[in-house]
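**Student:** Dropping a structure here in structure tokens format, bear with me for questions.
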Amino acid sequence: MTPRFQPDDTLYKRRNTLKVEYVPDDIVGRDNEIEEYEAALQPIINGEYPDNIFIYGKTGVGKTAVTNFLLNELLDSAEHFDVDLSVISLNCDGLSTSYQAAISLVNNLREPEHHIAETGHPQSKVYRLLWDELNKLSGTVIIVLDEIDHITDDTFLYQITRADNNGYIDNIQLGLIGISNDSTFREQLDAKVQSSLCETEISFPPYGTEELQKVLEQRAEIAFHQSALEEGVIPLCAAAASRTTP
């Protein structure tokens with residue numbers, strides 16, 4: 001009996017590369033932003049204290065993809081040059097308060113069997129646990145907070161960005177990368193948080209038609225078989241997307 005499902009080599013070559021979380025080997029259409037970003041990350045490889053970096057731009061403009069791409073490159077360089085570096089990533093979608101963000105970060109740093117409950121702890125205890133976990137690390141530690149604008153109060157960001165100055169951490173050089181879809185988020189922050197979080201700001205403007213076409217061509221070459229797309233499909237998609245980009 002012939003199996004119902006047969007391998008299909010007419011359309012997808014690597015379908016998983018179309019997913020949002022896929023990080024290509026090379027980033028196209030963001031040369032200026034990558035150059036700024038690289039300059040902001042360079043002190044880490046020099047053994048210097050990292051700057052806090054604030055990245056902002058509308059959804060779908062490559063903020064997270066560029067961040068993941070450069071951090072992968074940074075980790076490779078750190079290994080090559082024997083730089084002690086840890087990267088901790090936290091998506092803040094669904095975390096509306098500083099309390100929730102702090103607990104999520106504590107649990108991110110702990111093994112699953114040692115996670116703490118999401119409620120029922122005094123705030124001071126949560127931050128004490130957070131400093132304890134961070135102080136177990138060494139070298140440079142970068143915390144990436146994607147969709148940082150979901151956190152509606154400043155306490156968590158103030159605590160993290162001032163942890164060294166306030167004497168809460170003593171064993172690491174701590175840097176923060178905040179990624180926001182809301183370009184006005186910075187203006188809503190307390191002045192003290194603004195000054196510490198936004199040491200380096202990088203704006204990701206919407207893609208133009210030409211940039212979008214390069215992005216789509218790169219992804220199509222990886223994801224689809226050569227004859228899967230008719231000529232003209234990618235330019236048409238790029239033009240349509242650039243007209244609808246907010």
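**Student:** Carbon and sulfur atoms: what percent of the 1.4 Å accessible area of the chain do they account for?
**Tutor:** In the chain, the share of accessible area belonging to carbon and sulfur is 46 percent.
**Student:** I've got another one for you. How large is the convex hull of the Cα atoms of segment 1-120 per residue, expressed in Å³ as a whole number?
**Tutor:** 243
**Student:** For segment 95-148 and segment 10-76, what is the separation of their C-alpha centers, rounded to whole Å?
**Tutor:** Going from one Cα centre to the other spans 24 Å.
**Student:** Could you give me the percent of Cα pairs per 5 Å distance bin for segment 73-142, shortest bin first, beginning at zero and ending with the bin that holds the maximum distance?
**Tutor:** 3, 15, 23, 21, 16, 11, 7, 3, 0
**Student:** Quick one: how many Å² of residue 56 are accessible to a 1.4 Å probe, rounded to 10?
**Tutor:** Rounded to the nearest 10, that gives 50 Å².
**Student:** May I pose another question? I need to check one value: relative contact order of segment 14-95, counting alpha carbon pairs closer than 8 Å and at least 6 residues apart, in percent.
**Tutor:** 30 percent.
**Student:** While we're on this one: Show me 218-231, 61-74, 107-120 ranked by packing, highest mean number of other Cβ atoms within 10 Å first.
**Tutor:** By packing density, highest mean first, the sequence is 61-74, 218-231, 107-120.
**Student:** What do you get for the angle between helix 31-45 and the principal long axis of the chain? Use alpha-carbon atoms, 0 to 90 degrees, nearest ten.
**Tutor:** For helix 31-45, the angle is close to 40 degrees.
**Student:** Right, here's the next one. With charges only on Cβ, +1 for K and R and -1 for D and E, what is the dipole size of the chain about its Cα centre, in debye, rounded to 20?
**Tutor:** The calculated dipole for the chain is roughly 780 debye.
**Student:** For the chain, take the longest principal axis of its alpha carbons; what is the angle in degrees between that and the long axis of helix 233-244, to the nearest 10 within 0 to 90?
**Tutor:** Taking Cα atoms only, the helix is inclined about 40 degrees.
**Student:** Using only the Cα atoms, what convex hull volume per residue in Å³ does the chain have?
**Tutor:** Enclosed volume per residue, from the Cα hull, is 182 Å³.
**Student:** Per-residue counts of other Cβ atoms within 10 Å, averaged by peptide: what ranking do you get for 172-178, 162-168, highest first?
**Tutor:** Packing order, densest peptide first, comes out as 172-178, 162-168.
**Student:** Multiply the residue separation of residue 243 and residue 226 by 0.36 nm, subtract the distance between their alpha-carbon atoms, and state the gained length in nm to one decimal.
**Tutor:** Once the chain is fully extended between residue 243 and residue 226, it gains 3.4 nm.
**Student:** While we're looking at this one, here's another question. Round to the nearest 10 and give me the degree value, 0 to 90, for the angle of helix 209-223's Cα axis relative to the longest principal axis of the chain.
**Tutor:** With rounding to tens, the tilt is 80 degrees.
**Student:** Let me ask something additional. Once amide H atoms are built 1.01 Å from N in the peptide plane, which residues 5 or more positions from residue 201, or in another chain, come under 5 Å H to H?
**Tutor:** 54
**Student:** Say the dipole of the chain comes from +1 at the beta carbon of Lys and Arg and -1 at that of Asp and Glu; which of 212, 74, 100 then lies farthest toward its positive end?
**Tutor:** So the residue we want is 100.
**Student:** Using θ = phi - 60° and the Karplus relation 6.51 cos²θ - 1.76 cosθ + 1.60, list the HN-Hα couplings for segment 20-26 in order, rounded to whole Hz, with x at every Gly or Pro.
**Tutor:** 4, 6, 5, 10, x, 5, 9
**Student:** Rank these residues by their accessible area, most exposed first, probe 1.4 Å: 89, 104.
**Tutor:** Descending order: 89, 104.
The values are calculated or read from the model by the stated rules, or taken from the named source; none is laboratory data. Computed from a predicted model, the values in this text were never measured in an experiment. Glycine also receives a Cβ, built like all others from the backbone with ideal geometry; neighbour counts cover every protein chain displayed. These accessible areas exclude ligands, DNA and RNA; they are computed on the full protein's heavy atoms, side chains included. Shrake-Rupley method; radii C 1.70, N 1.55, O 1.52, S 1.80 Å.
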